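Right, one structure below, let's go through it.
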Amino acid sequence: MFKKLLPLVVAAVFVSAAVADEADIKRSMEAKLGTKVESVSKSGYLGLYEVYADGTIFYTDDKLTAILVGGQLIDAKTMKNVTDERMKKLTAIKFGELPLERAIKQVRGDGKRVLATFEDPNCGYCKRLAKDLLKLENVTVYTFLYPILSEDSVRKSKQIWCSADRAKAWNDWMIDGKAPGSKEDCDTTAVSKNQEFGRKLNITGTPTMFFADGERVPGAMPLPRIEQKLAQTK
């Protein structure tokens, strides 16, 4: 009986030790970084641990003798960017949990493919994206007004949200440069809630896109790549 139990006991000890190590690293990293650590896990390379905090991946050893930040971990055999792949997983969301009622909805064709964007009305890259998205077919685009650049961005977002036709007001401004009306006399809590929600998702720049599979893409993305991603996730 003892011989049968011994492997289980040994396994339990190793599991407990691993959990304790990760918990210790989490506490120590939180103290050093001064922020909440979302997760700690073994990277599988060079004995390093992956630490995820504030939307950033850090690497450290079990004694925290050094902390690597901003670098890319590459698998030498496959040349796969391990950090990039992990970021895709760590920053992914559940698309169905997005508060779509607070977004400007535009449906083209059958609307079966879906895409959500967080955009600032004064963002130059967002204006370029708006022109590209008009070329998409059979898609539903949810645009979350996410003013983070200036007070004017907040004002324009509220004006667009209060427009009788929000999609038209958005496209008129982003594509044609026609400023939205001056009225901000409707319930604009959607804009402030989007700001709060975006901060929780650690969205620090615009545009930021989310696809049906939950993958997040920060920054500009070429139209062919958007088409490819939509085709993969429809």
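Computed from the coordinates by the stated procedures, all read-outs in this text should not be read as laboratory data. This is a predicted model, so every value here is computed, not measured. Positions of Cβ are generated from backbone atoms using ideal geometry, with glycine treated the same way; all protein chains shown enter the neighbour counts.
Close amide H pairs (under 5 Å, H built 1.01 Å from N) link I104 with T143, F144, L145, residues at least 5 positions away or on another chain.
Give me the number: length gained by fully extending L68 to A167, i.e. 0.36 nm times residue separation minus the C-alpha to C-alpha distance, one decimal in nm. Mind dumping the intermediate values first?
Values: separation 99, 0.36 × 99 = 35.64 nm, distance 4.40 nm.
In short, 31.2 nm is gained.
Percent of C-alpha pairs per 5 Å bin in the chain, short distances first: 1, 6, 12, 14, 14, 12, 10, 9, 8, 5, 4, 2, 1, 1, 0, 0, 0. Return the single residue from Y125, Y146, Y45 with maximal mean-square fluctuation; model: Gaussian network over the chain, springs between Cα atoms under 10 Å. Largest GNM mean-square fluctuation: Y45. All Cα-Cα separations within the stretch 99-166 were binned at 10 Å from zero, giving a P(r) of 20, 52, 25, 2, each value a whole percent of the pairs.
Between I93 and A31, the contour length at 0.36 nm per residue exceeds the Cα-Cα span by 19.6 nm.
Rounded to two decimals, what is the ratio between the C-alpha radius of gyration of the stretch 28-90 and 2.2 N^0.38 Å?
Working: Rg = 11.4 Å, N = 63, 2.2 N^0.38 = 10.6 Å.
The stretch 28-90 yields a ratio of 1.08.
Debye sum, Cα scatterers, the stretch 95-233, no solvent: what log₁₀ I/I(0) at q = 0.09, 0.12, 0.15, 0.18 1/Å? Debye curve over Cα of the stretch 95-233, log10 I(q)/I(0) at q = 0.09, 0.12, 0.15, 0.18 Å⁻¹: -0.23, -0.42, -0.67, -1.00.
Please work out the Cα center distance from the stretch 116-153 to the stretch 41-111, rounded to the nearest Å. Spelled out, the Cα-based centre of one part sits 23 Å from the other.
Quick one: which of K42/K80; K26/K88; K105/K158; K135/K156; K32/K89; K135/K168 span more than 19 angstrom between C-alpha atoms?
The pairs that break the limit, which is 19 Å between Cα atoms, are K26/K88; K135/K156; K32/K89.
Roughly how tilted is helix 189-200, in degrees to the nearest 10 and between 0 and 90, from the longest Cα axis of the chain? So the inclination is approximately 20 degrees.
Among residues other than K63 whose Cβ falls under 11 Å from its Cβ, what is the net charge (Lys/Arg +1, Asp/Glu -1)? My count for the surroundings of K63 gives -4. Estimated at 0.36 nm per residue, the fully extended path between K112 and T78 surpasses their Cα-Cα distance by 8.7 nm.
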